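Visitor: Got a structure for you, questions after.
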Amino acid sequence: MIFWKLFYTFCKIGAFNFGGGYAMIALIQDEVVEKQAWMTAQEFTDIVAMSQMTPGPIGINVATYAGYTAVVNAGYDPWMGVMGAFLSSFSVILIPFVLMLLLAHYLLKHKNNKNLNNIFSSLRITVLGLIAAAALQLATPANFGSWSQSPLQLCLSLAIFLIVFLLSLKKKFSPVLLILLSGAVGLVVYGT
């Protein structure tokens with residue numbers, strides 16, 4: 001049954017995710033698109049876009065939309081999709097919540113421990129790799145265009161990406177302003 005698979009899959013994602021929602025995107029995509037085939041890569045890209053626009057943590061938003069989409073794509077009624085959305089959201093936070101309750105006392109008691117600080121330093125590098133993997137997985141022809149089908153779209157997408165990256169890194173522009181400006185450029189260029 002799809003609900004059991006959703007529960008197991010998102011518990012597994014929640015248990016092995018470090019670094020927050022953006023690091024979680026690659027894990028979710030691997031499970032729901034590649035392994036389970038609950039949705040297409042384009043549907044997942046749309047889910048990530050919607051999750052970025054809605055309030056709340058992006059990882060939970062992606063889990064919510066992915067749970068809904070998986071259930072509806074499996075042929076269930078949209079009201080059952082709401083159950084899938086709830087189950088996915090609950091599952092992705094269940095194990096981290098329980099682990100943090102169990103570990104909070106230990107972490108506070110040993111916060112100045114050199115070995116513990118070394119472990120967290122290595123986890124930061126891992127998180128950076130997971131976020132980079134998520135960005136690379138979203139750099140698909142559906143999002144950026146391809147050289148063979150639309151070289152202009154590919155070049156424009158790469159230019160927007162580089163400009164936004166540099167403005168956010170060097171000039172510390174507001175992410176909201178950069179998103180709005182990128183959307184306006186897309187609207188002007190593509191007209192849709």
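Visitor: Would you please list the contacts, defined by Cβ atoms under 9 Å and residues six or more apart or on different chains, that run from a residue in region 86-103 that is under 13 Å from Trp4 (Cα atoms) to a residue that is basic (Lys, Arg)?
Guide: Correct list of pairs: Ser91/Lys12.
Visitor: Something else now. Across region 5-32, what is the number of residues that are within 14 Å of Tyr68 (Cα to Cα) and surrounded by fewer than 20 Cβ atoms within 10 Å (Cβ to Cβ)?
Guide: Total satisfying the criteria: 2.
Values quoted throughout were computed directly from the atomic coordinates according to the rules given, and no laboratory measurement underlies them. Everything quoted here is computed from the prediction, not taken from an experiment. All Cβ positions, glycine included, derive from the backbone under ideal geometry; neighbour counts span all protein chains shown.
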